[in-house]
Structure formats: structure tokens, C-alpha cells
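The values are calculated or read from the model by the stated rules, or taken from the named source; none is laboratory data. As the structure is a prediction and not an experimental result, all values here were calculated from the model. Here the Cβ is made from the backbone with ideal geometry for all residues, glycine too, and neighbour counts use every protein chain on show.
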Amino acid sequence: MANADEPMPAGQEPAGKLIPAERRARIAALIGSRRSLRISWLAEQLGVSEMTVRRDLERLQLAGLLSRTHGGAILKRRLVEEPLYVENIAAHAEEKRRITRAAAAMIQPGETIFLGSGTTAVEVLRNLDPELRATIVTHNAGALEVMDALGIELFLLGGSYRVQSNATEGAAPAELVGGFYASKMFLGADCLSLEEGVTTPSMGLAEVERAMVRHTKGEVIVLVDSSKIGIVADIAICPIERIDVVVVDDGIEDEVRSELEDLGVRVLVA
């Protein structure tokens, strides 16, 4: 969140003199550059009451520009195009290593696990004990890269292969999911929102992973680096109320962590 002692940039007109539309435009510009802001800081910098700031944030939330938290707001960003699998391999590598080590430690011997798409999900497998005996059910073709070093049993769901996600997608693998019930699901997320939950630009990917969520008897565990929080795409995978655990790096904002916990989500910071 923004530092309460940090002044408004020089040369700008005191916001208390602005009409409401201009004041909201100033708030939108600030949250666009900082990603998260506290109500108390905004009220001081804009020269208005906290109640006025709350009303402005409500209007901006309705416009889809931000998500409210108890003490402020975080930027809402839209993801229109699915990130390429090969481009994600090196992105946020250190955060991903910490997240996936913590996730791998949650898998117990004998469990059946659903594993979603993406490079983070594959990193979970790389961090497994080679002696662990468990069953992994996934549509993530990247799992094949690490199988020779592991003692797990892998069920790779067949179907239409999509190179962008390095995964099988659509009705065929979604139907195959119905043959399993998993004790846990690990869902790598490119988009996690306090309001929309986990979303994606890919209809075919969402179809498979929604089926996995439905057939998970135990915890749905979302793996996400903090840079992905506040991003929203058009197609729903998992609502926030169905998420049991979020494993995230220590870049997560305190306000966001508190908000997730208030929504009943256990937050594990790696």
C-alpha cells in the first residue's frame, strides 16, 4: 500500500478543489501507477473525508477499475490474451520456486491429485520427493518432462492439444476427469481476483479445470505469484468461495491477504 507520508506529486492542483469526476480520475491514475492504496492515505492527499473516498472507490469498483479491500483498494487489470507457456517458464522464477516447494510438501503418499495447466504446476512435480508414491491426473503436457525422475503414477488426459498452454483442452479431457475423484487440486493461476476468483482467457482450458474443481473431494489449492493478483480474464474457472488455500510469495499486500482470509481462504506465504 502507498506510504501515508508520501506527498502528492508536485505541480498538481489540490484534489479537494476538484469536481467528483476529476477526483475519481485522479484516484484511478494513482491506483494505476501504485496497484494498491489505503483510504486514509487517499483522504489525506486529496483533502477530502474518508467517506468521500469510499464513495469514489465504490463508483470506480462498479466501473471495473479496482477491487475494494477493508482499508483501501487494489488495481483490477484485464488479461485479454492467454500467456504463452514458453514465455512463462522464466517469469518470476524465484517466487515460483518458493511457491512450488511449499505446494509439493502438501502432497501425501497415496493421494490422487488433480494438477492444472501452466509452468507453475509442472514445478510442483519437480519439487516432489522421487520416492513419493502418489497419482497425478493432469492435462498439462509439461508433466511428461519430469516423469522419468519420479515414482508417481501419471494419468495424462487425452484430447485436443493446444501449444499456447502446452495442455489438452476442451470436452474430451473434461469428460475424462469424471472418471476420477481427487483429494486435492493444484491450480496454477494467471489471474486471481478477490471478486471473480480464478479466471482465464481460454474457454477450452477452463472447461477441463472446472471439471477438476467439481471432482475434488478435498482442498482446491491455488498457486499464484503476487504479480497475478488483481488480474481478471473473461472466463471463470473457480470462484473465490471454492478456493481453500492460496500459496503465494511474500510480495502479497497485507490488505489482500487479510481480505482473502476474511473470505475463508487460508493464505500460505512461501
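Side notes on the structure shown:
- Taking segment 229-257 as the range and being closer than 20 Å to Leu125 by Cβ and among the charged types (D, E, K, R) as the test, only Asp249 passes.
- Elements of type strands (runs of 3 or more DSSP E) contained in segment 124-240, each with 1 or more residues being of a type in the set (Asp, Glu): 153-156, 167-169, 216-223
- Residues located in segment 131-149, provided they are within 15 Å of Ala105 (Cβ to Cβ) and of a type in the set (A, V, I, L, M, F, W, C): Leu132, Ala134
- Test: residue in segment 247-255 that is touching a helix residue (DSSP H, G or I) at 6+ places or on another chain (Cβ under 8 Å), in a helix (DSSP H, G or I) and among the small types (Gly, Ala, Ser): no
- Exactly one residue among Ser183, Ser117, Ser165 is of a type in the set (S, T, N, Q), surrounded by fewer than 23 Cβ atoms within 10 Å (Cβ to Cβ), in contact with a Gly (Cβ under 8 Å, 6 or more places away or on another chain) and not assigned by TED's automatic domain parsing to the domain that holds Ser67, and that residue is Ser183.
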